[in-house]
Amino acid sequence: MITRIFSAALRGVDAQEVEVEVNAHGADKPIIIIVGLPDAAVRESSQRVTSAIGASALVLGDGIKIVNLAPADLKKEGPSFDLPIALAMIAASGTKVLPVDDCCIVGELGLDGAVRPVKGVLSIALEAKRRGRTRLLVPNENAPEAAVVDGIRVFPIRSLREAWEFLTDKTIIPAFTLDRRAFFNAHRTYEVDCDEVKGQHHVKRALEVAAAGNHNLLMVGPPGTGKSMLAKRIPTIMPDMTEEDAIETTKIHSVTGLLDPRRAFLTTRPFRAPHHTISDAGLLGGGANPGPGEVSLAHNGVLFLDELPEFRRQTLEVMRQPMEDGCVTISRAAGSLTFPSRFMLVAAMNPCPCGYYGDPKRSCRCSPRQIENYRQRISGPLLDRIDLHVEVPLVDFRELSSNTNIGEASAVIRSRVVAARHIQHERFRRCGHSTNSAMSSRQVRQHCQLDAEATGYLEQAMDEMSFSARAHDRIHKVARTLADLAGSIHIRPQDILEAIQYRALDRKLFS
């Protein structure tokens, strides 16, 4: 007897439907053969399935069980096929026909028949809905994640026997329900706030500009000035994610196994801060079966690179394409996968190896050669892709100890950022993007026209500071964001001057 059950396999951040077919033949002893390009974890499922069926007091008849995972040319990885394989084998051993044409089933089995959570359930739920399946059987711990998807009933499963009795109508399992909007609104909170940072008002201004236009930012200053502290608060001033953005971001974290099991999906913007020893594959993604890297895990959020010159130069250079295109394509012999990577890059660095070059109170111990070599670890093309460069000086003791000099709260700053983003959204409604940082050269010419005074300021800066053509466009984009924050239709001369100020730092430090 041949039994067919639908499941799904992960491919990148998406899922693809898989048919689990089992054909039972008579023989003296039980033999299980799994075909369909399984990896080691899938091949080992035969041992887990056999033990789980016995522990669940279910019948697995003798004979040869051929398990085919179709399509056969798609590599199957992980233990998520345990539950559908076990159910199909039990059905194939008898004469029971399971009503599962409208159902997708995933889950890992323990030796005692317990169903354990798996990765990528949100992607699997979206694929099941696309294929027209109306029921989804998932491990109990994965039910909140799967219930995020509308239009499909999610049934939480705790054991193999419970799944079998549910499919054979011997027991009733209520569908898991989730008030997505209420959950989404209830968890939009951050543990940090900008009013906790004393001083550094000009840096906070740069953070506001960066968040308003989704511009990349570089902070330069000695150790202990609060660069990391400021960076961690950038997500708190960015606009709240929409439900669509949250689902797209959650998919990436789900397939990598990083999703918090206590939360159905991500409701706050991700903040990723990889160590400077990270490899190219760790940053961009890769592996034998390519998975997302840090640039994709920071999708719709912030990628923070602390101690920027300590990263390997080649590792930094491979980020240039994702920063421009908003996606990463990983090519392998078996094919290529594309991962989204629309993130805001925030970097921090010291002005020299010891960190105190230019400090008025501490002397620098570095030689000119050491300082030059340290700064040249960051290439000019990468710097050109960072829109704002800002110095972060030491904070005076009186500012630190004062209880009256408290800055604006994140909610206040975010309200101005949201207003500026709304202007940009209306401006680029038909363009496929919604922020000034993503403007093309044609859009820069259309939306960033300057008057004679502003043009004169920019021309003088280009001549004296030798800015590149890319830096020229970046100045226009930042000036457009400054005008949006001020509610101005036209770019004003002061907007150009402030935008130039945010570009002058790379020539001051790296020339």
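Worth pointing out:
- Inter-label distance, nm, simple model (7 Å from Cα along the C-beta direction), residue 129/residue 465: 4.7
- Prolate/oblate/rounded call for the range 58-116, Cα gyration tensor, a/c under 1.5 rounded: rounded
- Residue-averaged [θ]222 nm for the chain, counting only DSSP H segments that reach four residues, each worth -39500 (n - 2.57): -11000 deg cm²/dmol
- Global geometry of the range 379-511, whether rounded, prolate or oblate, following the gyration tensor of its Cα atoms and the 1.5 cut on a/c: oblate
- Residues whose placed amide H lies under 5 Å from that of residue 35, excluding near-sequence neighbours: 67, 68, 69
- Cα-projected label distance for residue 331 with residue 228, points at 7 Å along beta-carbon direction, nm: 3.8
- Rounded, prolate or oblate (a/c below 1.5 giving rounded, otherwise prolate when a/b exceeds b/c) for the range 244-309 by Cα gyration tensor: oblate
- Modelled this way, with points 7 Å down the Cα-to-C-beta line, the labels at residue 422 and residue 44 are 5.5 nm from one another.
- Computed from Cα atoms, the angle from the helix 121-130 axis to the main principal axis of the chain rounds to 70 degrees.
- Compared with the dominant Cα axis of the chain, that is its longest principal axis, helix 201-213 is turned about 50°.
- The range 241-303, relative contact order [Cα under 8 Å, separation at least 6], %: 36
- Sparse-neighbour loop sites [GluC sites (Glu not before Pro); the range 126-221; at most 16 other C-beta within 10 Å; DSSP]: 191
- Among 85-91, 58-64, 235-241, 167-173, the order from most to least packed when residues are scored by Cβ within 10 Å on average: 85-91, 235-241, 58-64, 167-173
- For residue 328, the residues 5 or more places off, or on other chains, whose built amide H falls under 5 Å of its own are 339, 341.
- Stretchable slack from residue 489 to residue 370, in nm (0.36 nm times residue separation minus alpha-carbon distance): 38.2 nm
- With Cα atoms, 0 to 90° folded angle of helix 82-93 axis to the chain main axis: 20
- Percentage relative contact order, the chain, counting C-alpha pairs under 8 Å, at least six apart: 13
Values in this text are rule-based calculations from the coordinates and carry no lab data. Nothing here was measured: the structure is a model prediction, and the numbers come from that model. Cβ: placed from backbone, ideal geometry, glycine included. Neighbour counts: every protein chain shown.
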